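Here is the structure we will look at, set down as structure tokens.
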Amino acid sequence: MQTPFLPHMLESIEKVEANRAARLESEPRRLDANEKRDLLEEFHPDYGDKGFAEIRIGANSGEKAPKELAALLHSKSKLSGVNLNLENVEYDVDVLIIGGGGAGAAAAIEAQGAGANVLIVTKLRMGDSNSMMAEGGIQAADKDTDSPMQHYLDSMGGGHYKNKPELLRRLVMEGPGALKWLNELGVMFDKHEDGTMMTFPGGGLSRKRLHACADYTGAEITRVLRDEVHGRRIQIVEYTAALELLLDENGQAAGAVLMNMLTGEYSVARAKTVIMATGGSGRMHYHGFPTTNHYGATADGIVMAYRAGCNLLYQDTIQYHPSGAAFPAQLFGALVTEKVRSLGAQLLNVEAHAFVHPLETRDVAASAIIRECRQVGKGIEIPGGASGVWLDTPLIDIIHGEGKIASALPGMLRMFLNYQIDLRKMPILVYPTFHYQNGGIEIENEGNTKKIENLFVAGEAAGGIHGRNRLLGNSMLDIIVFGRLAGQNAAKMAKNVNLGNASLKHVHDYEQEIAQAGLETGATSPILLPNYIRDVNATKICGGEL
Ligand code: MEZ
């Protein structure tokens, strides 16, 4: 097999191979709290001002946000100037779910189970989501050696003590039950021969708590949830985006205006309760980073809910997954699951020095990689001007025995083999990649929003559960715990809702505020899909600013 690695990379790989046995004997020490703080302050993009702008309208006015997000919030609605007859209702349901990923599916199953008439609208296909693309696993403290309290402490520490305590408490307490639910629905988790669940370590975890389905956990969980939704004949309308929420005269959520992505036609969905499950914003490429996210991750839910009056929490914190593929260019930014490090692969610089413990929390590990790559002569140069560090994958088969990579990481193995890189034999190059928005629309303990009656949020669009830095495997858990909760509560609430006339008055009011503040950009939002055509000449995309 011909190698795509360049001569200077091969020279560095020789050093990696030369000290591999010695590195097996001594892993890098963990950083203390002061060292972590210093590292984050100097190298993590969240901690500087560059790439941020002040939000100048709405509930979070005066706070900072990535400049791309601020621009979305300062933009006019896509419905600006559109004449719509809101009486012309195409769908009339108890529960409208916006988004067809894991959280939306879990919500739909529960809402329908509670007797509600449910509609899912999704701008791409059912299942197209970050949930589908999750690899490494889902956390839940279901072992005798572990406890929800331990899970709580780990996640609180990882989140810099900013997690909303009541939300985190719900997440960890309901973790084992969520896992049982998935197991009974048919998710094929990795199990020991005696049928007990396998668990793996991870960044910031004090116990082995990660449950996986090889390295395609998200695809497996989403497969099962989607089958369940189809099996229950829950109504799904694909290729249909929500553009704005509808509110009635009492400020209650009353549905949404939709747009067919293929024809551009508008329609009206009236609903007694709405669940926003629109996912994240990785395709906004904040700070110029590449992303692991699916094509539709463009912060739509945040924009719609913010215009309707919701407030955001921690909109300024982004998770850069330490190991995004950095080479070859075709894979730039793709997820290299943390499970690779959890199984023993080390992070090394050009001199084969293990510069950080591989299982520091993600913000710390990513900052250490950025530091290494900014220092002259420490990163491994990649054509195009970027650089990366080694992830020494052959260690995995050495530690666990031959065949471990093939059985535990088949997706990773195949992804790199497509480019003539055999990660059983050679290390791979990685650099941080935009993986997750830590914050979002603030939710309360019942999955409801603080400001809008009848509006629930679940999944990555929600803010508060993870504080300012999520731990691995907690998002797959939150889509189940908070997706189900939103579905149950929305269905219950729908029984007693009396809606008035649905209107877009809040959108018109917001637009007037934009005009009065002199913020008009000429752009509209939500953008629904990334605009790569427009950005084709941009030089700052994908790590360029770094
Ligand atoms: O929770 C995640 O983001 C996760 C487990 C990702 C991964 O590295 O596979």
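The values are calculated or read from the model by the stated rules, or taken from the named source; none is laboratory data. This one's a predicted model, so the numbers in the text were calculated from it and none came from an experiment. Heads up, the Cβs are rebuilt from the backbone with ideal geometry, glycines too, and the neighbour counts pull from every protein chain shown. In case anyone asks, the SASA skips ligands and DNA or RNA and just uses the protein heavy atoms, side chains included. Shrake-Rupley method; radii C 1.70, N 1.55, O 1.52, S 1.80 Å.
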* To do: Provide the gained length on full extension for the span Ala329 to Asn83, in nm with one decimal, where the gain is 0.36 nm per separating residue minus the Cα-Cα distance.
  => 84.0 nm
* Asked: Mind listing which GluC sites (Glu not before Pro) in segment 138-203 are in a DSSP loop and have 11 or fewer other Cβ atoms within 10 Å?
  -> Glu193
* Structure fact -> Flagged as over-length at 29 Å C-alpha distance, from Lys339/Lys492; Lys50/Lys164; Lys64/Lys451; Lys191/Lys425; Lys123/Lys505, the pairs are Lys339/Lys492
* Pairs of alpha carbons in the chain whose separation is greater than 29 Å (percent) -> 50
* To do: Give me the number: length gained by fully extending Tyr419 to Gln512, i.e. 0.36 nm times residue separation minus the C-alpha to C-alpha distance, one decimal in nm.
  => 28.3 nm
* CD proxy at 222 nm, helix term only [per DSSP H run n ≥ 4: -39500 (n - 2.57); per residue of the chain; nearest 500] -> -9500 deg cm²/dmol
* Asked: Can you give the relative contact order of the chain as a percent, counting alpha carbon pairs under 8 Å and 6+ residues apart?
  -> 25
* Mean projected area in nm² (Cα convex hull; one quarter of hull surface) for segment 332-455 -> 10.8
* To do: Could you calculate the contour length gain from Arg125 to Asn34, that is, 0.36 nm times the residue separation minus the distance between their Cα atoms, to one decimal place in nm?
  => 28.2 nm
* What FRET efficiency, computed as 1/(1 + (r/R0)^6) with R0 = 45 Å and r the Cβ-Cβ distance, is obtained for Tyr295 and Met149, rounded to the nearest 0.05? -> 0.70
* When only C-alpha pairs under 8 Å and at least 6 residues apart count, what is the relative contact order of segment 298-442, in percent? -> 38
* Compute the convex hull volume of the Cα atoms of segment 1-142, divide it by the residue count, and report the result per residue in Å³ as a whole number. => 335
* Using bins 5 angstrom wide from zero, how does P(r) for segment 409-512 break down, in % of all Cα pairs? -> 2, 10, 14, 14, 12, 12, 11, 8, 5, 5, 4, 2, 1
* Protection-proxy order for peptides 43-56, 268-281, each taking the mean of Cβ atoms within 10 Å per residue, highest first -> 268-281, 43-56
* Expressed in whole Å with the largest first, what are the equivalent ellipsoid semi-axes of segment 78-133 derived from the C-alpha gyration tensor as the square root of 5 times each eigenvalue? -> 24, 18, 7
* To do: Above 21 angstrom, tally the Cα pairs of segment 80-174 and express them as a % of all pairs, no decimals.
  => 58
* To do: Calculate the spin-label point distance for Tyr47 paired with Gln375, positioning each point 7 Å from the Cα along the beta-carbon direction, and give it in nanometres.
  => 1.5
* Structure fact -> Across all Cα atoms of segment 210-268, Rg and the largest Cα-Cα distance (Dmax), in Å, are 16.8, 50
* Asked: So, with +1 on the Cβ of K and R and -1 on the Cβ of D and E, and no other charges, what is the size of the charge dipole of segment 308-412 about its Cα centre, to the nearest 20 debye?
  -> 100
* Asked: To two decimal places, what compactness ratio does segment 318-387 give when its Cα radius of gyration is scaled by 2.2 N^0.38 Å?
  -> 1.05
* Give the peptides 94-103, 326-335 in descending order of average Cβ contacts within 10 Å, highest first. => 94-103, 326-335
* Structure fact -> To the nearest 0.05, the calculated FRET efficiency linking Met197 and Glu444 through their beta-carbon distance, R0 being 45 Å, is 0.90
* How many nm is it between the label spots at Thr3 and Asn498, if each spot is 7 Å from the Cα in line with the beta carbon? -> 7.5
* Asked: Measuring from label point to label point, each 7 Å out along Cα→Cβ, what is the Ala22 to Ser206 span in nm?
  -> 3.5
* Between segment 205-251 and segment 394-442, the alpha-carbon center distance in angstrom -> 25
* Asked: In whole percent, how big is the carbon plus sulfur part of the accessible area of the chain, probe 1.4 Å, protein atoms only?
  -> 48
* Asked: Averaged per residue, what accessible surface does the chain expose to a 1.4 Å probe, in Å²?
  -> 39
